[in-house]
1. Once fully extended, how much extra length lies between Lys53 and Met94, figured as 0.36 nm per residue of separation less the alpha-carbon to alpha-carbon distance?
2. Tell me, what HN-Hα J-couplings in whole Hz come from the Karplus equation 6.51 cos²θ - 1.76 cosθ + 1.60 at θ = phi - 60° for each residue of the range 91-99, using x for Gly and Pro?
3. Add +1 for every Lys or Arg and -1 for every Asp or Glu among the other residues with Cβ under 12 Å from the Cβ of Met87, and state the total.
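Throughout, read-outs are computed from the coordinates displayed, never taken from laboratory work. What you see is a predicted model; the values in this text were computed from it and never measured. Reconstructed Cβ throughout: ideal geometry from the backbone, glycine too, with neighbour counts over all protein chains shown.
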Amino acid sequence: MSAAPRFSLRAAVTDSVSTGRRDEPPAVVTPEDTSEAAPVQAPAASRSIKDTKTKRPATRQGARGITVWVEPEVYRMIKLVGLDTDMTTQDVMMEAINDLLAKRGKGRLAKTR
């Protein structure tokens, strides 16, 4: 009876799927093959960052992200507020931002997308 292999985080993040590298070396094109050869794609490292970015969803166009780190208990409470009121976490946080802006006299500027 053999034991199941142990999970290795290093192996998971360095495998060919995660890194985009192939295990086999790239094919070498000889001068005879160039007459009918398909165009060669540039390696991933030489592509510009702009080419590799994915398009943002329409709901995020023109928006900026804000990251807030909270304790697990606070996170759970925010999720529970959303569940109790049938709101997404996004909606709960937008309401909190609107309340803060109104409290500080800045008006209700934040819109839920």
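1. Difference between extended and current length: 12.1 nm.
2. 5, 4, 5, 5, 5, 5, 5, 4, 4
3. -3
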